[in-house]
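As structure tokens, the structure follows; a few thoughts come after it.
Nothing in this text is a laboratory measurement; each read-out follows from the coordinates by a stated rule. Just so you know, these numbers come straight off a predicted model, no measurement behind them. Methodologically, a virtual Cβ is constructed for each residue, glycine included, from the backbone with ideal geometry; neighbour enumeration extends over all protein chains shown.
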Amino acid sequence: MKIRQLNSRDAKAYLKIRLEALQADPEAFASSYEEEKRYSLEKVQNRLEEDFSYTLGAFESETLVAVVSVVREQRTKIKHRANIYAMYVTPEKRGCGTARNLMVKAIEVIKQMDGIEQVYLSVVANNEPAKRLYKSFGFKTYGIDRKALKVENVYLDEELMVLNL
């Protein structure tokens, strides 16, 4: 399995896996399939080329099977922070270390960013496998965002986590 940063040439594959993620696990993301299915390929290409955002992809052969995004904060007072967003592994690749390998690479990328001291993420509070993964990297829970998401009239809490580098 190869992990690398995605770029504008990967936009079509990224959009495909992103829409799959939003349909398969709608409770895991703040965005919805209905919102993002309207995104143009150009919008996705531009997002993949931003200089403060890095989307990593795991490929098996030439197929994109997992993604995660790292975003560095841009405002002066919080430039010491980065965020991890949009982790998704296709169902057939779960349980075989793909998410762990992506997190290793994401944290490597973050550690190469000048001045980053903290890494933030949020995870749906009942997603035990994801929470175990993040805790294994040293992430600690610092709060619960009650009713953070509402999916088909069901409220979901999000666990807010931070890793101090």
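Here the relative contact order of the chain, from alpha carbon pairs under 8 Å that lie six or more residues apart, stands at 18 percent.
For Ala148, the residues whose modelled amide H falls within less than 5 Å of its own, excluding neighbours fewer than 5 places apart on the same chain, are Leu156, Asp157, Glu158. Dividing the summed -39500 (n - 2.57) terms of all DSSP H runs of n ≥ 4 by the residue count of the chain sets its mean residue ellipticity at 222 nm at -8500 deg cm²/dmol.
If the chain linking Lys12 and Asp114 were pulled fully straight, counting 0.36 nm for each residue of separation and taking away their Cα-Cα distance, it would gain 33.6 nm. Taking trypsin sites (Lys or Arg not before Pro) across segment 1-37, the ones in a DSSP loop with at most 15 further Cβ atoms lying within 10 angstrom of their Cβ are Lys37.
Remark: Lys79, Lys105, Lys135 ranked as Lys135, Lys79, Lys105, counting other beta-carbon atoms within 10 Å and listing the fewest first. In order along segment 158-165, phi translates into HN-Hα couplings of 10, 8, 9, 10, 9, 10, 8, 8 Hz, rounded to whole numbers, per the Karplus curve 6.51 cos²θ - 1.76 cosθ + 1.60 with θ = phi - 60° and x for Gly and Pro. Amide H to amide H distances under 5 Å link Met87 with Ser69, where only residues 5 or more positions off or on other chains count and H is placed in the peptide plane. Phi-derived couplings, Karplus 6.51 cos²θ - 1.76 cosθ + 1.60 at θ = phi - 60°, listed residue by residue for segment 59-71: 10, 10, 6, 10, 9, 6, 10, 6, 9, 7, 10, 10, 10 Hz, with x used for Gly and Pro. All alpha carbon pair distances within the chain were sorted into 10 Å bins beginning at 0; the resulting P(r) in whole percents reads 10, 38, 40, 12, 0. Starting from the amide H of Val124, placed 1.01 Å from N in the peptide plane, find each other amide H under 5 Å away whose residue is 5 or more places distant or on another chain. Sorted by chain and number, the residues that satisfy this are Glu159.
Annotation: the antiparallel percentage among DSSP beta bridges lying fully within segment 17-165 is about 90.
Each residue, Asn164 and Gln5, gets one label point 7 Å from its Cα in the Cβ direction; the gap between the two is 2.9 nm. Dividing the Cα radius of gyration of segment 1-66 by its Kirkwood radius returns 0.95 for Rg/Rh. Taking one quarter of the surface of the C-alpha convex hull of segment 111-165 gives a mean projected area of 4.4 nm².
The tail of the calculated P(r) for segment 31-129, taken as Cα-Cα distances beyond 23 Å, holds 33 percent of the pairs.
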